[in-house]
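Q: Below: one structure in structure tokens.
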Amino acid sequence: MIKTAIIGLGKMGLSHVAILGAHPDVELTAVCDTSSMVLNAFKRYNSKIKVYEDFNKMYETENLDAVVIATPTKLHHIMAVPAIKKGIHIFCEKPFSLTIDQGEEMTKLVKEYKVVSQVGYHNHFIGTFREMKRLLKEGVIGKPLHFTGEAYGPVVVKEKGGTWRSKSSEGGGCLFDYASHVINLIQEVIARPERVKGTLLKQFYSKEVEDGVFSSLILDSGLSGTLSVNWSDETYRKMSTSLMVFGSKGKIICDATEIKIFLKEENSEEALNRGWTIKYITDLAMPVNFYLRGEEYSAQLDYFIENVKQNKIGSLNTFEQALYTDKVIEMLIKDAKN
């Protein structure tokens, strides 16, 4: 059994508790948070899980194999470094780090101490995006000519009091919280952005952080495209993320529920007809141990735990990949200032 702890018992942390608590290969040993109300609930209803207010004390007391860090971004570095140095495998929520220096240190340390590292960019465990990546790799739409990456949702739709998401010093803002998902998808599904230009970080309701992110990205493949993200769009019930790639032989449009493929000519190897073909997530979803909120949330933790079991460094959502996303975010910030 993989002895695991979770730090941070907000919405994502509690989701991780439910998923890992039901995992057949995990012993959920401890949780850590600063909220006495949340910790008292754990003491009352689950005496097997030890509770801590101090993560360093938890590291010293418990013989952990792995830890999930689900706290605001500003705390990731201070919580991850001592765990890595103890040889504890790390799953860290996104965005990865507030500064490139911190991200580079954590990335260097996981290689030095040979621990499994993973960051919670869950879209890579959604079957439609995985299928898009595969089809692009197979060259189904020919040479890519243009792309778009978009995300919209109703996080901030009026002026209101601040939370950590409204503070840039804590990793909040549309750029870190929303756009990072899209950037990371573009980076891993299409190709890595090398340059950005014409970046606009717009404030609609927030005082300290941006509510919209709009930019042109030039990828290392030479392909250029657009990034459009807005977390103040109340025409959406929840976050909606999508990618589109237009190519010489067709076009792919993909979101979390379906992938639409348009081809100028039939592709018999892929059983794709000329014209439009639609594939749905119901046919592409990954099997998981425990379903909660969406199979992608469970699938990413299943993948992490399996790598820990095999002592194998994974290839999905590594610290290095998340660090590159942070570097693109830094490019966007610098470009917007210029």
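The values are calculated or read from the model by the stated rules, or taken from the named source; none is laboratory data. These numbers were taken from a predicted model, which means no experiment stands behind them. With ideal geometry, Cβ positions are generated from the backbone for all residues, glycine too; neighbour counts draw on all protein chains shown.
Q: Could you please find all residues in region 201-227 being buried (at least 17 other Cβ atoms within 10 Å of the Cβ) and not charged (D, E, K, R)?
A: 201, 206, 209, 212, 213, 214, 215, 217, 219, 223, 225, 227
Q: Within region 35-94, considering only helices (runs of 4 or more DSSP H) that don't extend past its boundaries, which have at least 2 residues that are within 20 Å of the chain's Cα centre (by Cα)?
A: Helices (runs of 4 or more DSSP H) meeting the threshold: 76-85.
Q: Here's a follow-up. Kindly provide the set of residues from region 70-101 that are in contact with a His (Cβ under 9 Å, 6 or more places away or on another chain) and within 21 Å of residue 54 (Cβ to Cβ), ordered by number.
A: 70, 83, 91, 92, 93
Q: Just for region 216-258: of the residues that are free of Cβ contacts under 8 Å to residues at least 40 places away in the same chain and among the β-branched types (Val, Ile, Thr), which one is farthest from residue 174 (Cα to Cα)?
A: Residue satisfying both the conditions and the ranking: 253.
Q: How many residues does region 14-34 contain that are of a type in the set (Gly, Ala, Ser) and in a helix (DSSP H, G or I)?
A: Going through region 14-34 one residue at a time, the tally reaches 3.
Q: Counting only residues that are under 22 Å from residue 21 (Cα atoms) and β-branched (Val, Ile, Thr), which one in region 288-338 is surrounded by the most Cβ atoms within 10 Å (Cβ to Cβ)?
A: Ranking the candidates gives 305 first.
Q: Here is a further query. Does region 275-318 hold any residues that are more than 20 Å from residue 64 (Cα to Cα) and aromatic (Phe, Trp, Tyr), and which are they?
A: Passing the criteria: 276, 280, 290, 291, 297.
Q: May I pose another question? Please indicate, with yes or no, whether at least one residue in region 273-281 is under 25 Å from residue 87 (Cα atoms) and either in the same structural domain as residue 115 (by TED's automatic domain parsing) or in contact (Cβ under 8 Å) with a residue 40 or more places away in the chain (or both).
A: no
Q: Restricting the search to region 287-338, which residues are part of a helix (DSSP H, G or I) and basic (Lys, Arg)?
A: 309, 327, 334, 337
Q: Same structure again: Note down all Cβ pairs under 8 Å where the first residue falls in region 66-90 and is at positive phi, the second is surrounded by 19 or more Cβ atoms within 10 Å (Cβ to Cβ), and they're at least six residues apart or on different chains.
A: Matching pairs, first to second residue: 87/115.
Q: Please enumerate the residues belonging to region 282-318 that are among the aromatic types (Phe, Trp, Tyr) and free of Cβ contacts under 8 Å to residues at least 12 places away in the same chain.
A: 291 - this is the single residue of region 282-318 that is among the aromatic types (Phe, Trp, Tyr) and free of Cβ contacts under 8 Å to residues at least 12 places away in the same chain.
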